[in-house]
Structures are given as C-alpha cells and as structure tokens.
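Read-outs throughout are calculated quantities, based only on the coordinates presented, and are distinct from any laboratory measurement. Since the structure is predicted, the reported quantities are computational estimates derived from the model, not experimental observations. Here the Cβ positions follow ideal geometry from the backbone for every residue, glycine too, while neighbour counts run over all protein chains shown.
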Amino acid sequence: MTSTDTALPYADREAVYEEDLPGLGRLRLLRLAPEEDADLIHGWVREDRARFWGMNGLDRDEVRDIYLFLESLDTHHGYLMTVDGQPAGIFQTYEPLEDPVAEAYPARAEDAGLHLLLAPAARPVPNFTPTLLSGLVRFLFSDPAKDRVVAEPDARNSKAIGRFVGFGFEAGPTVQLAEKEARLVFLTREKFEARPAG
C-alpha cells in the first residue's frame, strides 16, 4: 500500500534527508516543528510503550516546550521521521561532547549521538527497525567528520538494547545519567560499512 504526504500537515515541510528504504518506501527526516507537531508527539510519548522516553506524565504543552528548547540548541536536533508518507517516529541527534552524557564516557568530537522513538505500528512490518536504522545511520555518517554513533537507551529497556546490538552496535558500560541509568552502545563507521548489504 502506497501513501503520500499530500493531505498531512507536514507534507510541504522540506526534508533534511531523504532515502528510499528497501521494502519500506521513502524515508524523510523533517525538522520537528514543536507547536505543529506537539499533538502527534504527545500522543506517542504518553503511551506506556514509550515510558523509557521519559515524557509519560507530561501534558501537550510541556512536551512542546521541551522541543522548543531543543530547537534553540545548535548541538541537538529533533526530526519527525516519515516512511512512505506516514509519521514513523522521532529521531534526535546530538553532539555527545556538548551533552551531559560526556560526563559518563570519554566522548569525542567524532561521535554522533542518537535517540530514537518509533511511532506505534498499525501493522508489523518485517525488518522495519533495522532497515530504518540503516537509513538513520547513513544520515549521521553523511557528515565525514563523524566516525562513531553513540546511543544511551535506558538500562531497563532490554528491547531497545537488543535491537541496537542485533544491528551491530557494540554494548558498552552501564552508566548513571541525571535522569536514568543507561546502557551505552557504539557503532563505528568501519563496522557499519562492513555490514552485509540488504
């Protein structure tokens, strides 16, 4: 089933990155518009499945305000992901050296940090997460100055950690951050580029 962005509020928003993902359709990364996207995002983050995102108890305006703050930073960016014209989740990138996570491990200028929250799936799609993650990592490595991706899922979120490790990330230490105990995971450019195609 193919769909388009035409009737959706973000349809005309310029994509920061686009790529055709095999078996899924067109991935588009759109800069988050905190006011315009607040209802959609709030609907996602208040679900129990998103409890590790840390916004469960927030109201719509509090969620909007967090993304307004994020938008004000030069080192942290939020994106609305669409796949085949439909909203697929939130993708956030950050410079670990300019983030509190730098206190928990030896962060480098060549590191690129990511946070990922998938939207609820209307129906399961085989290989959706690894295929999507491939596109997101390619976006991060489109910056030639970056040679390693870092993520720090909640240490209790075994599903997310398993997805990262299954994709090829190396599990690092468990560290204490201000808001959570996190498990660091790392993926080098070299290891990503050596992954089998498909």
Worksheet item: Can you find a residue in the range 127-140 that is within 16 Å of Arg26 (Cα to Cα), touching a Pro at 6+ places or on another chain (Cβ under 9 Å) and β-branched (Val, Ile, Thr)?
Response: yes
Item to complete: Output the number of residues of the range 174-198 satisfying the condition of being part of a strand (DSSP E or B), in contact with a Gly (Cβ under 8 Å, 6 or more places away or on another chain) and either farther than 18 Å from Asp111 by Cα or among the basic types (Lys, Arg) (or both).
Response: 1
Response to the item:
Flagged in the range 112-126 as crowded, with 17+ Cβ neighbours inside 10 Å and either out of contact with any Asp or Glu (no Cβ under 8 Å at 6 or more places or on another chain) or without any contact (Cβ under 8 Å) to a residue 24 or more places away in the chain (or both), in numbering order, are Leu114, Leu116, Leu117, Leu118, Ala119
Practice prompt. With the checklist (1) crowded, with 17+ Cβ neighbours inside 10 Å; (2) touching a residue at least 60 places away in the same chain (Cβ under 8 Å) in hand, flag the one item Gly172 doesn't pass.
Written response: (1)
Item to complete: Go through the range 22-36 residue by residue and tally those that are over 15 Å from Asn127 (Cα atoms) and hydrophobic (A, V, I, L, M, F, W, C).
Response: 4
Item to complete: Taking the options Ala145, Ala171, Ala102, name whichever one is assigned to a loop (DSSP other than H, G, I, E, B) and either more than 16 Å from the chain's Cα centre (by Cα) or among the charged types (D, E, K, R) (or both).
Response: Ala145
Worksheet item: If you go through the range 127-143 one residue at a time, do you hit one that is farther than 15 Å from Glu193 by Cα and surrounded by fewer than 13 Cβ atoms within 10 Å (Cβ to Cβ)?
Response: no
Item to complete: Identify the residue in the range 148-168 that is in a strand (DSSP E or B) and among the β-branched types (Val, Ile, Thr) and, among all such residues, is surrounded by the most Cβ atoms within 10 Å (Cβ to Cβ).
Response: Val149
Worksheet item: Taking the stated definitions as given, is Asp99 charged (D, E, K, R), buried (at least 18 other Cβ atoms within 10 Å of the Cβ) and either without any contact (Cβ under 8 Å) to a residue 40 or more places away in the chain or touching a His at 6+ places or on another chain (Cβ under 9 Å) (or both)?
Response: yes
